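Presented below is the structure to which this report refers.
The values are calculated or read from the model by the stated rules, or taken from the named source; none is laboratory data. Just so we're clear, the structure is a prediction, and the values are computed from it rather than from any experiment. Cβ placement follows ideal geometry from the backbone for every residue including glycine, while neighbour counts extend to all protein chains displayed.
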């Protein structure tokens with residue numbers, strides 16, 4: 001598909017499909033980095049929890 005201007009092309013990279021690819025690329029990069037560490041664990045969190053939330057604190061304790 002050809003785009004006539006920069007705004008049309010910029011919109012493409014804001015779609016859910018491209019968002020999914022960006023998220024997947026972060027996972028791939030993380031797994032590639034972990035291969036050099038040997039046995040390791042990755043903890044995935046949420047930016048939606050406040051530092052005062054019990055689950056946030058539990059994540060800190062577990063780490």
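When residues of the range 33-56 are filtered for being more than 19 Å from the chain's Cα centre (by Cα) and either modelled with pLDDT under 90 or loosely packed, with under 10 Cβ neighbours inside 10 Å (or both), how many remain?
Going through the range 33-56 one residue at a time, the tally reaches 8.
Quick one: would you say residue 30 is modelled with pLDDT of 85 or more, in a helix (DSSP H, G or I) and under 18 Å from the mean Cα position of the chain (by Cα)?
Considered against the rule, which asks whether it is modelled with pLDDT of 85 or more, in a helix (DSSP H, G or I) and under 18 Å from the mean Cα position of the chain (by Cα), residue 30 comes out as yes.
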